[in-house]
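Worksheet: the structure to be examined is printed underneath.
The values are calculated or read from the model by the stated rules, or taken from the named source; none is laboratory data. Just so it is clear, the structure is predicted and the values come from calculations on it, not from any experiment. Here the Cβ positions follow ideal geometry from the backbone for every residue, glycine too, while neighbour counts run over all protein chains shown. Ligands, DNA and RNA are stripped out before the accessible areas are found, and what is left, the full protein with its side chains, is counted by its heavy atoms. Shrake-Rupley method; radii C 1.70, N 1.55, O 1.52, S 1.80 Å.
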Amino acid sequence: MYGTDFPPDDGPSTLLSEVNAAERALHAAAGARGPAATGDLAAYFDSVVAAEQKIEPRDWMPEGYRKTLIRQIAQHAHSEIIGMQPEGNWISRAPSLKRKAILLAKVQDEAGHGLYLYAAAETLGVDRAELVQLLLEGRQKYSSIFNYPTLTWADIGAIGWLVDGAAIVNQVPLCRCSYGPYARAMIRICKEESFHQRQGYEILYTLAHGTDGQRAMAQDAVDRWWYPSLAMFGPPDTDSTHSEQSMAWKIKRFSNDDLRQRFVDMCVPQAEVLGLAIPDPALRWNADRGHHDYTHPDYDELMRVIKGNGPCNRQRMAHRRAAHDDGAWVREAAAAYAKKKAA
Amino acid sequence: MALWEVFIRPRRGLAHSHVGSVHAADAQTALRNARDVYTRRQEGVSIWVVPAAEITASSPEEKDSFFDPAADKVYRHPTFYQVPEGAPHI
């Protein structure tokens, strides 16, 4: 439970402090007097969103708002569930007991995050079983990043640093989403994600300061994960289909390109500390813009991966379907046990 | 599989608060699932699970008529009363 105490801020402008600020804003908005109710449900909805207050499950909401949230939250939940696979690949081969325990806890967190999100989606009137079915039938997507393979142990470091780092940059603004259950789930998730990013950074730092071979392995992992991580922010603003309405509804707060830029600016000094190179010869500070110029990821590749033709799409879906089928006996046994107890 | 709403008491002295939901076939399993999903970092010292179907909620559309009766009873608040200056302990 996270609503009752506020840990001290960990300094200005860190992502975690933004999460804490979002949580304080949520409590402040809840304490403030809301807009006056009117007979006009749509106008009342708009005024609640405009006042930075939260829409709650049984409130009237536009059908499009409900649909957008269900699609987005479900896709987010599916990503957490599929996201267990690339890292699960290394649990049995982690280089020490400590690393193994950490990786287990992280993968367990991903399962938990998936469940928080399914629970948030269910408050909008869908059933989790329906959403799981849509994933298994390939009718709902998950993040393209999880269709890339984890070839070496250093990939676990790169995923923590870059993939979780990008996820946090994407997710921190969602802590201020206008839909209450989603905002609260995201606050909880972002707090837990912070350890994920740090453990990855620590793995890379250790490798980068190890033998030549270890260092090369770390650099290779960063080389492979950099552009897919940039692609996690979605298509460029000029091609983004859902953005404008989502911004108006305060589901989304920043554009894809703004978040991508923020991520690049954050990573540059972090890479310097690691002593690893970001694989982009065009990367340089632009004093006029106050940001780094950088090479965009290959968006055609992103579309190919989203459409199902990434390196591991089929493998990920086959594994998920098999895991779902293999779990059937557990669901049946639980139902049989409940029935017997009730009799 | 049935849906259960989960309430957690973070620490002794605080009330249970709603944190989310879990699916389970029976109450004991729901309790264990809630522990695994919502208290991985010792977020609680006590958990309630309640069948979601058993919760009767007031409707937001009726919010005004439902809560209106309390709106004009300002005299239920101590600030309604004027205390003469110099009156101690009141």
Roughly to the nearest percent, how much of the accessible area of chain B is carbon and sulfur, given a 1.4 Å probe?
-> 54 percent
Under the Karplus relation 6.51 cos²θ - 1.76 cosθ + 1.60, θ = phi - 60°, what is the ordered set of whole-Hz ³J(HN,Hα) values for region A:196-206, x standing for Gly and Pro?
-> 4, 5, 5, 5, x, 4, 5, 4, 5, 4, 4
The simple spin-label model distance between B:Arg12 and A:Asn286, using points 7 Å out along Cα→Cβ, in nm, is 5.9 nm
Hey, could you get me the Stokes-Einstein D for region A:216-343, Kirkwood radius over alpha-carbon pairs, 20 °C and 1.002 mPa s, rounded to whole µm² s⁻¹?
-> 116 µm²/s
Add -39500 (n - 2.57) for each DSSP H run of 4 or more in chain A, then divide by its residues: what number comes out at 222 nm, to the nearest 500 deg cm²/dmol?
-> -19500 deg cm²/dmol
With every protein chain present, what accessible area does A:Lys54 have (1.4 Å probe, heavy atoms only), rounded to the nearest 10 Å²?
-> 40 Å²
Honestly region A:85-171 on the Cα gyration tensor test (a ≥ b ≥ c root eigenvalues; a/c under 1.5 rounded, otherwise a/b vs b/c for prolate or oblate) is just prolate
Buried accessible surface, A vs B, both sides, probe 1.4 Å, in Å² to 100, equals 2100 Å²
When the accessible area of chain A is split by element with a 1.4 Å probe, what percent falls to carbon and sulfur?
-> 57 percent
So how exposed is A:Thr238, as accessible area in Å² (1.4 Å probe, rounded to 10)?
-> 130 Å²
In square angstrom, rounded to the nearest 10, how much accessible surface does A:Tyr337 have for a 1.4 Å probe?
-> 110 Å²
For chain B, what is the accessible area per residue in Å², given a 1.4 Å probe and the full set of protein chains?
-> 72 Å²
Starting from the amide H of A:His291, placed 1.01 Å from N in the peptide plane, find each other amide H under 5 Å away whose residue is 5 or more places distant or on another chain.
-> A:Asn286
Between A:Ala129 and A:Lys339, the FRET efficiency computed from the C-beta separation at R0 = 22 Å comes out, to the nearest 0.05, as 0.75
State in Å² the accessible area per residue of region A:95-244; use a 1.4 Å probe, count heavy atoms of protein chains only, and round to the nearest integer.
-> 36 Å²
Of the trypsin sites (Lys or Arg not before Pro) in region A:268-314, those whose Cβ has at most 16 other Cβ within 10 Å and which sit in DSSP loop | A:Arg289
Largest-first ordering by accessible area, 1.4 Å probe, given options B:Ser58, A:Ser47 = B:Ser58, A:Ser47
Length-normalised contact order for region A:106-215 - Cα pairs under 8 Å, 6+ apart - percent | 29 percent
DSSP loop (so not H, G, I, E, B), at most 12 other Cβ within 10 Å: list which trypsin sites (Lys or Arg not before Pro) in region A:76-177 pass both filters.
-> A:Arg139
First obtain the Kirkwood hydrodynamic radius of region B:35-90 from its Cα pairs, then insert it into the Stokes-Einstein equation at 20 °C and 1.002 mPa s, and state the resulting D in µm² per second as a whole number.
-> 127 µm²/s
Evaluate the distance, in nm, between pseudo-label points positioned 7 Å from the Cα of A:Ala101 and of A:Asp239 along their respective Cα→Cβ axes.
-> 4.6 nm
May I ask you to derive the FRET efficiency for A:Leu41 and A:Asp212 from their Cβ-Cβ distance with R0 = 60 Å, giving the value to the nearest 0.05?
-> 0.35
Compare each residue of region A:314-343 in its chain alone against the assembly with all protein chains, and report those whose accessible area goes down by 20 Å² or more; 1.4 Å probe, heavy atoms.
-> A:Arg331, A:Ala334, A:Tyr337, A:Ala338
Which log10 I(q)/I(0) values, to two decimals, does the protein assembly as shown give at q = 0.14 Å⁻¹ under the Debye formula with one point per Cα?
-> -1.46
Obtain the nm distance between the two label points defined at A:Glu52 and A:Glu137 by a simple spin-label model: each point lies 7 Å from its Cα along the Cα-to-C-beta direction.
-> 4.2 nm
